[in-house]
Amino acid sequence: MFKVPPISADRLPTLLRAIPKAELHIHIEGSLEPELIFALAQRNGLTLQYPSVEALRAAYAFTNLQSFLDIYYAGASVLLHERDFYDMARAYLARAALDNVVHAEIFFDPQTHTARGVPIETVVNGLHRACEDARGTLGISASLILCFLRHLSEEEAFATLEQALPLQDKFIGVGLDSSEVGHPPEKFARVFARCRELGLHLVAHAGEEGPPAYIWSALDVLKVERIDHGVQALKDEALVRRLAQERIPLTVCPLSNQKLCVFPDLKDHNLRQLLDAGLCATVNSDDPAYFGGYINDNFTQVFAATGMTARHAYQLASNSFEASFASEADKRHWQHQLKEAFDRFVEHD
Ligand code: HPA
Ligand code: ZN
């Protein structure tokens, strides 16, 4: 066990920014900044519904998940060519590297693009090339997770999987996102069973707005390895025990939860309780261009709001490596880097 040194509250934001971390819950379409939306619209000869970057940003006032999704899908409509997908992912990876993200597992929503006539190869090849380039030029490792849209049917998910299979070496797993309530995990039982046979990693959004029952069925029916969000788990003691015992990771997104009104205020966020209950919780940005911050903003703001300490910081970063789908050798290397970052921080205190 690593003995976490005490660090004063005023030095905590600097520590949070400095430590190496993995980001495991980031929708690449949610990293499209308004400036890039306008630049891509212009490059592709498209007219947007908003007159300016400022007008678009002003529309980012959400009341729940659906109110966000409507505007998020509209923003993604400027993505047409492989270069557009590359530029979007490159911009995210460059930004993440500044936050000392050493590894990212990136969600993408192929159905948002194929529904508009964009071939899935265009989407996957552009994103994958950005991930490959980032290794050499930014020193960050990155892989892709294909998400099925849960407001669509399981047949449509199967059709998407079929289209994606020739590209299977370019993504490591599948997930489930979009409108949660009314679309329980079991709706996708067969397609997840098929993905499991194919050797893909499995994750699903559950317990963001939906009930603990959706977390149970993501685990028991879909057999996912991680739960995305999962903050509603604390309503169910038996579920908390299960998540703790099996060390099922939760990819928590504090600013997303605040902006989508999952919690009335960031100070009411339950991240600290999740950690103190022994769960493998992590911090992530979800859709940073829409929720007002990248991963380090999520760390610094939720720590300031809830009074977490250096011990929580160490646990969260360590959890992010433990919860990743990277090799055991990479995980050991990053855990070592994390301890070194703490040691260096104390020496220079
Ligand atoms: N929840 C569900 N679907 C999403 C999200 C989210 O937070 N972000 C992008 N798609
Ligand atoms: Zn999400």
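The values are calculated or read from the model by the stated rules, or taken from the named source; none is laboratory data. Just so we're clear, the structure is a prediction, and the values are computed from it rather than from any experiment. Because the Cβ atoms are built from the backbone with ideal geometry, glycine has one as well, and the counts that use them run over all protein chains shown. Areas reflect the complete protein model, heavy atoms only, side chains present, ligands, DNA and RNA absent. Shrake-Rupley method; radii C 1.70, N 1.55, O 1.52, S 1.80 Å.
Things worth noting here:
- With helices as the sole contributors, the chain gives -14500 deg cm²/dmol at 222 nm; each DSSP H run of n ≥ 4 counts as -39500 (n - 2.57), and the sum is divided by every residue.
- Extension reserve of the GLU328-GLU340 stretch, reckoned as 0.36 nm per residue once the Cα distance is removed: 2.5 nm
- Shown in residue order for segment 221-228 are the 3J(HN,Hα) couplings computed by the Karplus curve 6.51 cos²θ - 1.76 cosθ + 1.60 at θ = phi - 60°: 9, 7, 6, 6, 8, 9, 10, 8 Hz (x for Gly and Pro).
- Rg(Cα)/(2.2 N^0.38 Å) for the chain, N = residue count: 0.94
- Within the accessible area of the chain (1.4 Å probe), percent carbon and sulfur: 52 percent
- Backbone geometry of segment 100-113 corresponds, through the Karplus equation with coefficients 6.51, -1.76 and 1.60 at θ = phi - 60°, to 3J(HN,Hα) couplings of 6, 6, 9, 8, 10, 10, 10, 7, 9, 10, x, 5, 4, 9 Hz, x marking Gly and Pro.
- Cut-off 13 Å, label 7 Å out along Cα→Cβ of ASN44, residues of segment 76-93 by amide N: 76-89
- The residues of segment 245-314 present an accessible area of 30 Å² per residue when probed at 1.4 Å with all protein chains retained.
- Those residues of segment 332-349 whose amide nitrogen sits under 18 Å from the label point placed on LYS3, 7 Å along Cα→Cβ: 339-349
- Lys, Arg +1 and Asp, Glu -1 on Cβ, resulting dipole of the chain about Cα centre, debye, nearest 20: 580 debye
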